[in-house]
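Here is the structure we will look at.
The values are calculated or read from the model by the stated rules, or taken from the named source; none is laboratory data. Since we're looking at a predicted model, the values are computed, not measured. Note that we place each Cβ from the backbone using ideal geometry, even for glycine, and neighbour counts take in every protein chain shown. In case anyone asks, the SASA skips ligands and DNA or RNA and just uses the protein heavy atoms, side chains included. Shrake-Rupley method; radii C 1.70, N 1.55, O 1.52, S 1.80 Å.
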Number of protein chains: 8
Amino acid sequence: MTLKVYLSGEIHTDWREQIIDGAKGLDVEFSAPVTDHDASDDCGVAILGAEADKFWHDHKGAKLNAIRTRKGIEDADVVVVRFGDKYKQWNAAFDAGYAAALGKSLIVLHGPDHQHALKEVDAAALAVAEDPAQVVQILRYVLTGELP
Amino acid sequence: MTLKVYLSGEIHTDWREQIIDGAKGLDVEFSAPVTDHDASDDCGVAILGAEADKFWHDHKGAKLNAIRTRKGIEDADVVVVRFGDKYKQWNAAFDAGYAAALGKSLIVLHGPDHQHALKEVDAAALAVAEDPAQVVQILRYVLTGELP
Amino acid sequence: MTLKVYLSGEIHTDWREQIIDGAKGLDVEFSAPVTDHDASDDCGVAILGAEADKFWHDHKGAKLNAIRTRKGIEDADVVVVRFGDKYKQWNAAFDAGYAAALGKSLIVLHGPDHQHALKEVDAAALAVAEDPAQVVQILRYVLTGELP
Amino acid sequence: MTLKVYLSGEIHTDWREQIIDGAKGLDVEFSAPVTDHDASDDCGVAILGAEADKFWHDHKGAKLNAIRTRKGIEDADVVVVRFGDKYKQWNAAFDAGYAAALGKSLIVLHGPDHQHALKEVDAAALAVAEDPAQVVQILRYVLTGELP
Amino acid sequence: MTLKVYLSGEIHTDWREQIIDGAKGLDVEFSAPVTDHDASDDCGVAILGAEADKFWHDHKGAKLNAIRTRKGIEDADVVVVRFGDKYKQWNAAFDAGYAAALGKSLIVLHGPDHQHALKEVDAAALAVAEDPAQVVQILRYVLTGELP
Amino acid sequence: MTLKVYLSGEIHTDWREQIIDGAKGLDVEFSAPVTDHDASDDCGVAILGAEADKFWHDHKGAKLNAIRTRKGIEDADVVVVRFGDKYKQWNAAFDAGYAAALGKSLIVLHGPDHQHALKEVDAAALAVAEDPAQVVQILRYVLTGELP
Amino acid sequence: MTLKVYLSGEIHTDWREQIIDGAKGLDVEFSAPVTDHDASDDCGVAILGAEADKFWHDHKGAKLNAIRTRKGIEDADVVVVRFGDKYKQWNAAFDAGYAAALGKSLIVLHGPDHQHALKEVDAAALAVAEDPAQVVQILRYVLTGELP
Amino acid sequence: MTLKVYLSGEIHTDWREQIIDGAKGLDVEFSAPVTDHDASDDCGVAILGAEADKFWHDHKGAKLNAIRTRKGIEDADVVVVRFGDKYKQWNAAFDAGYAAALGKSLIVLHGPDHQHALKEVDAAALAVAEDPAQVVQILRYVLTGELP
């Protein structure tokens, strides 16, 4: 059994690397959005031409990123969504809703401060973790039955 | 043609009332979440019994609210999601993602300050409006072909 | 908003009547299996001819009942599954699984004794109640926002 | 043609091993839940933290197990559900309902004592077998056309 | 509960009338193909212009009839397929397969002579009846729980 | 049986009126796009604000129109797509492809000049008509079995 | 591009071998039902135990065969259904309907004598061929663009 | 992550080759319709027999081509639709609608002259490009995060 896992959300800490490193040796295929913030913001105009209006600048980029994001979520068995300490992170919550509507197994990863604000997202999840090591332990348990 | 419209998101201003009032006479059926903040927060424990742990207190409530939210979104032709000035509003973004994955026509309603942070949500929408009157004008146009 | 509710499971107590009575005045359409135990057991052979073998006697009946059960579950917004004190009740758990796979909002109704044995069913539910009055309160809250 | 087969249900006898051994040489990929009873019961709290309340202890575990169970059932062509002599086994019946709603080919495996109680589950199945050797024979016939 | 029932198959006896008459007073909505044999054969060329080649004459007609047939089957809860004594009736078996793939509740109606030849169709059905009165009894039981 | 029919395509002749008039007395519910060319072109900027760039001017309008178009096609049993003598009419072909992918019964309406260019669209249709009167005859036949 | 092709229908001539031989060198994966008539008829009782009643004898066998048939059709890109000169062949027409409802590309293979009786099946097909060599030519053209 | 990309539309310039060449080294699997114009027009009659009527000549060919086209679009993650300078190209717009209804990521490729006429198609797309090199840049960015 290969588990396909999409890692959505926060791009400013190394939580993806921690999970990918921790899951070495497990039969997992990871995917993720482009995590280079500048590339992600500017990809639309860099490829398809400049826009005078910031809204359309962002719009073109967000749509290019959606090609990758949707592919990743639709192919995934498990979608992990990480909410960090900063920014609005509405795209993370959007991905969580998108994954939930497709019936994906959802794991939400956030600190205790966000507990109340994320209650609707957590309610749709099969696990709510606080740190990346727990996500690794979940993947190991799901694939092998081993507990930490 | 009856248009079923679900009004998701912010519960602290009267934007729903403005839209419902403005759409009087149009063939629209509106639905919405429970907008009484306290009832929404406490419904789980009020009905199903108290919880010592805040996480489960919230969890039980969020799940009861999901019965209504999912029914509303799944039955809807159009989902309007309002982002206000305050709070994290991750449930609004979650609803937007959920609606997008189901192929619903999405209208996002927010002020210009949130433009960059909502670019992924806006990219999935068929309209991005700044005030409730525009949403009414969209509903009128869609149903009757009349422009303001 | 009309809520379509299917009442699955135990047929030896009056829990369905309690819920239907309690929900008077709410915009709910209830459906349920045939609850006459003998008719339910014998419908197949009574209509389609006797069987020498008990397996096929039961098989013909179970399939006729499935016409009603599937219609009820597939049309429902909410499926309530009641586990009573007696019998194996595998059909109740089967209905719960069927409803879960279709993405229905699931409410499970059982006493505390069955908690551990029903943990997988409960984990797929949006509410776990212990008595029919709580189910009524949930339906009222979902439809009107009123708490008990 | 590779047949993907999920083996659901009883975890206290060696029926899975009998099927897997018997099917050696056939083009079958098997999957199954975690069958270590203690790990399965405690995985939630072992990874995500202890719970004072037994309901939530079980709830966390059942949800982690659901990540594996749903993946297994959704990927499967054939779902075999075994009902043993002991315990309520509602999770087995739940899996059967889940598989049936997804249109999976269902094989139910149980002794004659459970015949009447399982009639609704059997009615949704493409085969009802009494011992694991029959399941192997079915898999062999389906893949190769050979009869015992 | 309104049951939508599509009556597919043989058009040379009055079995549809028997069922519709027998079901008077029950909450059933019936639909059926055009049962005027000549109109059904010639509708394509009568409306869309003559064809020199019999294949295309038939083709145009069969496609117009498919507009009605698909609507009837897709809207139905229950599809009754009648196999009479004469003709190939491949369209009846085609409808049965179409209905089965959509997950409709299938009732097959045929005499004992056809039992072996229809075994694959019967295997997909929830009931196999020999005369129209049994179909009426099934509909009555499904809707009201009453046995004959 | 009510037939829901969406009338897509050309907006410069009165073919919709001919069909709607001809179908008087039949149980048909028609829907259609906004057919006021100027309103259809400018609705986006009229409601949501002017755009300097013609691409975005058109984009905003096309998306508002999509709310109505998708609702119409998704609700329809039958989609009629009319190709007139002028313009590119790519939106008509787009609607035909959209309807075909959803499994809608497709009727294409065009003159003989377009036969070769529309062969792929015609190949997905259940009827290819040359004038609106034929469409009316099809609807009458499908609903009542009457031929002209 | 690998094309998965299911070969349904007649089992008394060597049409499958002709197609498989003819398609050597093309990127096609073929599947088919069990074509040993006796094994196909008796598989149910041979594995799951004898039945006194011919109906249930056939029923058990037909259901086991359905495990293979459904897997074959559901995995296929193209379903070829062959109608021979003899027998009722209702299972072939059933498979055609099943495949059509799933949106599979359908190729029907039959002689000119059956043209009128198969008009509804042919109307759902993307090709109607008279001999196996034509099916091979279709597969070659679809995969390589080469014409005979 | 392998990206499956279907290249639909214009067959008279070398845009497909430009994209395929440009994407060398990227993990992309391309598919496309048969681009030999004569073979594409005549495949139906070449394989299945001549037709006196041009409509049926074209019809048979269009349906054979649909076997390949639907397979290509349904398997794809991304559908690129190219509109050239000549011809009606309704099949390109049909493919775009078909892809949109299936939720595929759509990239439209056309010159500025067609902007207004393609506004509905562009509105359903995640990117609108003017030359094949931009499509390559999009594929590279989606797969690797690299910008030009």
- Before we move on, is D:GLY44 small (Gly, Ala, Ser), in contact with a Lys or Arg (Cβ under 9 Å, 6 or more places away or on another chain) and outside any loop (DSSP other than H, G, I, E, B)? yes
- Would you check which residues across region A:104-123 are touching a strand residue (DSSP E or B) at 6+ places or on another chain (Cβ under 8 Å) and facing chain B (nearest Cβ under 7 Å) and list them? A:LEU118, A:VAL121, A:ASP122
- Message: With the condition being closer than 30 Å to F:ASP75 by Cα and modelled with pLDDT of 95 or more, I'd like the strands (runs of 3 or more DSSP E) fully within region E:54-144 carrying at least 1 qualifying residues.
- Response: E:78-82, E:105-109
- So F:LEU64, is it crowded, with 23+ Cβ neighbours inside 10 Å, under 29 Å from H:GLY9 (Cβ atoms) and touching a residue at least 60 places away in the same chain (Cβ under 8 Å): no
- Message: For region C:17-31, which positions are outside any loop (DSSP other than H, G, I, E, B), more than 12 Å from C:GLY72 (Cβ to Cβ) and touching a residue at least 24 places away in the same chain (Cβ under 8 Å)?
- Response: C:GLN18, C:ILE19, C:GLY22, C:VAL28
- Condition test on E:ASP27, is it among the acidic types (Asp, Glu) and within 9 Å of another protein chain (Cβ to nearest Cβ)? no
- Item | Candidates A:PHE94, A:PHE83 - the one that is at the interface with another protein chain (Cβ under 8 Å from one of its Cβ atoms), over 22 Å from D:ALA62 (Cα atoms), without any contact (Cβ under 8 Å) to a residue 24 or more places away in the chain and under 12 Å from the mean Cα position of the chain (by Cα) | A:PHE94
- Mind listing just one residue for me: the one in region C:126-138 that is under 15 Å from the mean Cα position of the chain (by Cα), hydrophobic (A, V, I, L, M, F, W, C) and more than 8 Å from every other protein chain (Cβ to nearest Cβ) and, of those, farthest from D:ALA93 (Cα to Cα)? C:VAL136
- Message: Step by step: first the residues of region B:32-45, then only those that are within 13 Å of chain A (Cβ to nearest Cβ) and touching a residue at least 24 places away in the same chain (Cβ under 8 Å), then the one that is surrounded by the fewest Cβ atoms within 10 Å (Cβ to Cβ). Which residue is that?
- Response: B:HIS37
- Message: Being within 14 Å of chain E (Cβ to nearest Cβ) and closer than 23 Å to G:ASP36 by Cβ: is that true of G:ALA101 here?
- Response: no
- Message: If I filter region H:46-61 down to residues being surrounded by fewer than 18 Cβ atoms within 10 Å (Cβ to Cβ) and aliphatic (A, V, I, L, M), which single residue comes out as farthest from the chain's Cα centre (by Cα)?
- Response: H:ALA52
- Query: Checking G:ASP77 against (1) open to solvent by 20 Å² or more (accessible area, probe 1.4 Å); (2) within 18 Å of E:ALA124 (Cβ to Cβ); (3) in contact with a strand residue (DSSP E or B) (Cβ under 7 Å, 6 or more places away or on another chain); (4) not aromatic (Phe, Trp, Tyr), which test does it fail?
  - Reply: (2)
- Item | Residues that are open to solvent by 30 Å² or more (accessible area, probe 1.4 Å) and among the β-branched types (Val, Ile, Thr), drawn from region C:1-31 | C:THR2, C:ILE11, C:THR13, C:ILE20
- Out of region E:127-148, which residues are closer than 19 Å to E:GLY97 by Cα and open to solvent by 20 Å² or more (accessible area, probe 1.4 Å)? E:VAL128
